[in-house]
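Step one of this worksheet: look at the structure below.
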Amino acid sequence: VIEKFSQLPVALSILKKQPKELYFIGDSKLLDKNLISIVGTRHPNQYTKEMTTKIAQKLSQIGYVVVSGAAMGVDALAHNGAYPYTIAVMANSLDVLYPAVNKKLIKSMAENALVLSEYEATMRATKYTFVIRNRIVVALGDVLIITQADENSGTMRSAEIAIELGKKIYVLSHRVGESLGTQKLLAEGKAEVINDIDDFIA
């Protein structure tokens with residue numbers, strides 16, 4: 001059943017452009033917990049896959065809820081790792097299951113976790129709605145973790161939003177020539193590196 005919040009989650013009050021409405025399916029109480037946003041490329045390498053899953057799992061084990069955007073790649077890994085302590089923010093309305101590759105995940109999150117959208121029925125995802133969706137993903141989390149990103153990617157737009165909102169950004173350490181977006185954030189002093197997951201979680 002698609003429901004609508006009578007008032008927006010407090011975390012979204014920092015946005016200049018707040019959603020007019022926010023719809024949800026699932027357990028809205030997850031919004032009352034400590035939230036951390038995890039985002040990244042749709043085409044993660046093997047190292048990123050393992051690390052994203054591990055970070056999400058460990059965060060969920062100590063009471064955090066992981067927020068992401070239900071896209072293929074890093075988003076899906078973050079949701080699966082933290083499941084059921086996870087929140088998906090969709091770039092389409094909640095009656096549309098997209099992307100198809102994550103249909104099963106989105107359905108199970110609607111049953112046992114939380115799925116959010118600012119769009120009314122029948123709205124399909126567009127290039128524009130992905131960018132807009134990212135501001136909600138970033139605003140909900142206390143911090144933003146980017147596990148892998150190319151330069152000039154949608155993920156880097158999320159990093160810009162985090163910087164605008166004064167959110168701390170963490171990234172994984174990568175080999176030279178990989179994940180150029182996060183390497184750039186590190187080089188510019190805009191992110192902190194996670195060298196050891198257990199240290200970071202602690």
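Miscellaneous remarks
- For the stretch 1-36, the residues whose backbone nitrogen is under 19 Å from a point 7 Å from the Cα of TYR128, taken along Cα to Cβ, are 16-22.
- Cα gyration tensor shape of the stretch 55-169, rounded if a/c is under 1.5, else prolate or oblate by comparing a/b with b/c: oblate
- Taking VAL115, VAL176, VAL39 as the candidate residues, the one with maximal mean-square fluctuation in a Gaussian network model of the chain, Cα springs under 10 Å, is VAL176.
- Signed unit charges on C-beta, dipole axis of the chain, positive-most listed residue ASN102, ALA78, VAL138: ASN102
- ASP150 accessible area, assembled protein chains, probe 1.4 Å, Å²: 80
- Taking 0.36 nm per residue of separation and subtracting the current Cα-Cα distance, fully stretching the chain between ASP142 and ASP95 would add 14.1 nm.
- Three-way shape call for the stretch 1-116 based on the alpha-carbon gyration tensor, with the a/c threshold at 1.5: prolate
- Residues whose amide H falls under 5 Å from that of ILE194, counting only those 5 or more places apart or on a different chain, are VAL171, LEU172, SER173, with hydrogens built in the peptide plane.
- For the chain, built as a Gaussian network whose Cα springs stay under 10 Å, the top-fluctuating residue of GLN183, GLN61, GLN46: GLN46
- Signed unit charges on C-beta, dipole axis of the stretch 1-154, positive-most listed residue ALA88, PHE24, THR126: THR126
- Solvent-accessible area per residue, Å², over the chain with all protein chains present [probe radius 1.4 Å]: 50
- Beta-bridge orientation, the chain: approximately 25 percent antiparallel, per DSSP, counting only bridges with both partners inside.
- The phi-based Karplus calculation (6.51 cos²θ - 1.76 cosθ + 1.60; θ = phi - 60°) puts the 3J(HN,Hα) values of the stretch 146-161 at 10, 8, 6, 7, 7, 5, 6, 9, x, 4, 5, 5, 4, 5, 4, 4 Hz, whole numbers, x for Gly and Pro.
- Rg/Rh (Cα only; Kirkwood hydrodynamic radius) as it applies to the chain: 0.94
- Rounded percent of accessible protein surface that carbon and sulfur make up, the stretch 45-175, 1.4 Å probe: 51
- In percent, rounded to a whole number, the relative contact order of the stretch 98-192 is 23, using alpha-carbon pairs under 8 Å and six or more apart.
- Rough spin-label spacing in nm, given labels placed 7 Å along Cα→Cβ, for ILE197 and LYS17: 3.6
- GNM top mover of ILE146, ILE136, ILE14 - the chain, alpha-carbon springs below 10 Å: ILE14
- Cβ-derived FRET efficiency at R0 41 Å, SER173 paired with VAL10, nearest 0.05: 0.75
The values are calculated or read from the model by the stated rules, or taken from the named source; none is laboratory data. What you are looking at is a predicted structure, and each value in this text was computed from that prediction instead of being measured. Methodologically, a virtual Cβ is constructed for each residue, glycine included, from the backbone with ideal geometry; neighbour enumeration extends over all protein chains shown. Keep in mind that these areas ignore ligands, DNA and RNA; they rest on the heavy atoms of the full protein, side chains included. Shrake-Rupley method; radii C 1.70, N 1.55, O 1.52, S 1.80 Å.
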